[in-house]
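Here the structure is laid out as structure tokens; the discussion comes afterwards.
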Amino acid sequence: MHAQKHHRGAHRPPYLKAVKPTDQPRPGPQPGPEQKPGPTLRKASPAQQGRLAKLATFTTDLRMVSLNLLLLIGACLAGAMLWKLVFARETLIENITVPEAFTRIGYSSEAFQSFVAGHLIALEARAADVIPASAKEEIKLDSDMPDFSVPGTSISAKTILQYVREALPLPVSTISGSVTGTPDHYVLHLVLAERGAVYRFATPEGSIAVLEQNLSNLALDVLKKHSPYIYASYESAEAQARCYSGKGACDFSEAERVFSSIVDAGDEQPNYKWALLALSKIDEAYHDYNGEINAASRLSAEYPSSWSFYNWGVALSELGCYKMAIGAFDRSIALRSSREAAFNAIGRAWLALAKRVPDLHSTEARTDLHNARDDFRVAVYLKPDYQEAHVNLAESLKLLDDDKGARREYVSAIEMDPTHAGLAYARYAELFGDPKERSKLLGFANWADNLHDECRATNSTSLLEALGCSVAMQAKTTHVAKTDSHGGIETVAAAGPAAGCRGLAVDDRLPPEEGWPDFAQIAP
């Protein structure tokens with residue numbers, strides 16, 4: 001059925017006439033005979049009115065959908081933020097009450113909060129030298145928590161976070177406290193609350209002048225209860241510094257005791273696998289590479305990780321079992337292809353194998369050198385400022401008769417950090433025929449080595465190369481045959497490969513397919 005049409009001359013009632021708002025009578029002169037009024041608008045047809053109504057409805061619905069979508073996105077973002085805050089591994093330093101006498105001299109409640117947080121953060125930062133990033137947790141002041149009101153309620157986000165954390169067994173700890181006494185005779189009391197347990201600590205009574213030392217000892221006591229793993233890592237880092245620098249005996253007994261207690265408690269402990277990994281590094285520090293392999297192989301069987309196979313490979317390399325080390329590093333790379341340290345380490349193993357071949361121009365040696373060069377290139381691709389990898393890449397290029405490329409890499413390594421470039425200087429010197437030029441570069445190498453107490457021949461080859469020590473040029477095994485001096489540089493005569501490699505390979509202890517996901521392709 002067609003809608004009825006109105007013809008131009010057809011009669012219509014006056015009320016059907018559509019008039020523009022501007023066509024309404026207005027004060028002032030009306031158009032004269034010579035003026036023509038503007039065109040008038042006719043009323044929309046029913047079909048047009050229907051379309052306009054649908055358009056208006058659609059526009060309203062679109063606005064409502066957009067508004068609801070924005071609210072939904074906002075709610076999701078707020079929920080994600082709250083979820084992250086609720087379930088984050090955190091230690092919150094809450095209010096520490098202090099007498100008015102302390103506030104008057106600048107030691108307010110907020111100041112004591114910052115002091116406590118600062119010491120705990122410093123301890124964790126020191127421990128971070130030997131722990132994986134994933135094992136860390138965040139230390140925050142209570143005042144840093146979000147304190148906005150939840151829309152539609154008078155409840156703050158901080159209140160919700162605290163309620164949820166108290167109601168659920170979440171990995172969040174709180175430290176509160178108070179100061180008693182006077183600035184001349186004060187005691188700082190701290191209370192650690194976590195997982196339903198409460199621990200109390202206090203400094204000895206003393207003057208505010210000894211606050212720094214008292215806080216340092218108190219923070220270590222808190223850390224020992226709060227996170228035995230981080231405490232043991234701190235102790236390990238301190239013992240490692242003394243051991244490597246020769247400033248004390250290599251004594252990791254305290255760290256080893258705590259790590260062992262975590263491992264003995266079973267794999268339900270949150271830091272079980274990291275403690276087992278740490279024990280393997282302590283064995284490495286003691287030069288007990290068989291012990292390191294035992295710990296790394298146990299960890300690899302239970303929790304295959306890039307680092308467990310990496311430690312395994314380092315131990316095999318130190319024992320002179322280079323082909324087996326390559327197999328371990330391959331597994332490390334398979335589990336995390338972006339591990340630049342593994343590519344550098346596998347390149348070092350290829351380089352060592354090539355140097356064992358009597359003729360460096362033989363097919364066997366050239367193949368090993370090409371493999372080493374390619375792995376070093378991947379390492380510097382993944383980490384362009386990887387100084388050690390640049391030095392090793394230069395060495396492989398030099399042995400491949402690419403002196404120009406070797407010079408470029410040595411210079412790049414030296415420019416990155418001359419103070420850790422002893423190995424780069426010493427190897428670069430080998431490219432010069434002029435005795436004076438060689439002597440000058442060897443002098444620079446000696447200067448760089450002397451800046452670091454760790455550049456000692458008794459340390460492992462992997463550590464010496466990582467520190468850029470020139471003494472690493474000859475220290476290829478842990479069995480020191482004799483020490484000598486060449487150009488002012490202490491060196492260690494290299495011994496042959498260790499005979500006891502049998503039964504230490506990854507394939508000897510694990511099924512071949514264990515820990516072998518697909519390789520990710522890495523651009524050279």
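The values are calculated or read from the model by the stated rules, or taken from the named source; none is laboratory data. Here the structure is a predicted model, which means the values were calculated and not measured. Here the Cβ is made from the backbone with ideal geometry for all residues, glycine too, and neighbour counts use every protein chain on show.
Specify the residue that is nearest to Ala202 (Cα to Cα); the eligible residues are those in region 224-249 that are touching a helix residue (DSSP H, G or I) at 6+ places or on another chain (Cβ under 9 Å) and at pLDDT below 90.
Step by step, filter region 224-249, then rank; the result is His226.
Condition check ((1) touching a His at 6+ places or on another chain (Cβ under 6 Å); (2) surrounded by 24 or more Cβ atoms within 10 Å (Cβ to Cβ); (3) assigned to a helix (DSSP H, G or I); (4) at pLDDT below 95) across all residues:
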| position | (1), (2), (3), (4) |
| --- | --- |
| His287 | no, no, no, yes |
| Arg298 | no, no, yes, yes |
| Pro304 | no, no, no, yes |
| Ser308 | no, yes, yes, yes |
| Trp312 | no, yes, yes, no |
| Ala325 | no, yes, yes, no |
| Ala334 | no, no, yes, yes |
| Ser338 | no, no, no, yes |
| Ala345 | no, yes, yes, no |
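Within region 219-231, count every residue that is touching a residue at least 60 places away in the same chain (Cβ under 8 Å) and under 30 Å from Tyr107 (Cα atoms).
The qualifying residues number 8.
Here's a check for you: in region 232-255, which residue that is in a loop (DSSP other than H, G, I, E, B) and free of Cβ contacts under 8 Å to residues at least 40 places away in the same chain is nearest to Tyr272 (Cα to Cα)?
Across region 232-255, the extreme among qualifying residues is Phe252.
Identify, from the list Ser485, Ser470, the residue that is more than 20 Å from Glu318 (Cβ to Cβ), at pLDDT below 95, small (Gly, Ala, Ser) and touching a strand residue (DSSP E or B) at 6+ places or on another chain (Cβ under 8 Å).
Result of the check over Ser485, Ser470: Ser485.
Which numbered condition in (1) out of contact with any Ser or Thr (no Cβ under 6 Å at 6 or more places or on another chain); (2) within 25 Å of Phe432 (Cβ to Cβ); (3) surrounded by 24 or more Cβ atoms within 10 Å (Cβ to Cβ) is the only one that Ser317 fails?
Here Ser317 meets the rest and fails (2).
Give the residue that is farthest from the chain's Cα centre (by Cα), with candidates limited to residues of region 261-276 that are closer than 18 Å to Ala237 by Cα and in contact (Cβ under 8 Å) with a residue 60 or more places away in the chain.
Once the filter is applied, the top-ranked residue is Asn271.
Within region 91-114, track down each residue that is more than 14 Å from Tyr186 (Cβ to Cβ) and surrounded by 20 or more Cβ atoms within 10 Å (Cβ to Cβ).
Scanning region 91-114 gives Thr91, Leu92, Ile93, Gln113.
Say we look at region 356-391 and pick out the residues that are charged (D, E, K, R), in a helix (DSSP H, G or I) and within 35 Å of the chain's Cα centre (by Cα); which of these is surrounded by the fewest Cβ atoms within 10 Å (Cβ to Cβ)?
Looking at residues that are charged (D, E, K, R), in a helix (DSSP H, G or I) and within 35 Å of the chain's Cα centre (by Cα), I get Asp374.
Hey, among Leu316, Leu369, Leu335, which residue is free of Cβ contacts under 8 Å to residues at least 60 places away in the same chain and hydrophobic (A, V, I, L, M, F, W, C)?
The match here is Leu369.
Being hydrophobic (A, V, I, L, M, F, W, C) and closer than 22 Å to Thr363 by Cβ is the filter here; which residues of region 399-424 pass it?
Of everything in region 399-424, those that are hydrophobic (A, V, I, L, M, F, W, C) and closer than 22 Å to Thr363 by Cβ turn out to be Leu399, Leu400, Ala406.
Considering region 417-448 alone, what residues qualify as being among the hydrophobic types (A, V, I, L, M, F, W, C) and buried (at least 18 other Cβ atoms within 10 Å of the Cβ)?
Matches in region 417-448: Ala421, Leu423, Ala424, Ala426, Ala429, Leu441, Leu442, Phe444, Ala445, Ala448.
Yes or no, residue by residue, for (1) in contact (Cβ under 8 Å) with a residue 24 or more places away in the chain; (2) under 20 Å from Cys469 (Cα atoms); (3) out of contact with any strand residue (DSSP E or B) (no Cβ under 9 Å at 6 or more places or on another chain); (4) of a type in the set (D, E, K, R):
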{"residue": "Asp401", "(1), (2), (3), (4)": "no, no, yes, yes"}
{"residue": "Ala406", "(1), (2), (3), (4)": "yes, yes, yes, no"}
{"residue": "Val411", "(1), (2), (3), (4)": "no, yes, yes, no"}
{"residue": "Thr419", "(1), (2), (3), (4)": "yes, yes, yes, no"}
{"residue": "Tyr425", "(1), (2), (3), (4)": "yes, yes, yes, no"}
{"residue": "Tyr428", "(1), (2), (3), (4)": "yes, yes, yes, no"}
{"residue": "Asp434", "(1), (2), (3), (4)": "no, no, yes, yes"}
{"residue": "Lys440", "(1), (2), (3), (4)": "no, yes, yes, yes"}
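Evaluate the following for Glu415: is it at pLDDT below 95, within 18 Å of Ala389 (Cβ to Cβ), within 35 Å of the chain's Cα centre (by Cα) and of a type in the set (Asp, Glu)?
Against the criterion (at pLDDT below 95, within 18 Å of Ala389 (Cβ to Cβ), within 35 Å of the chain's Cα centre (by Cα) and of a type in the set (Asp, Glu)), Glu415 does not qualify.
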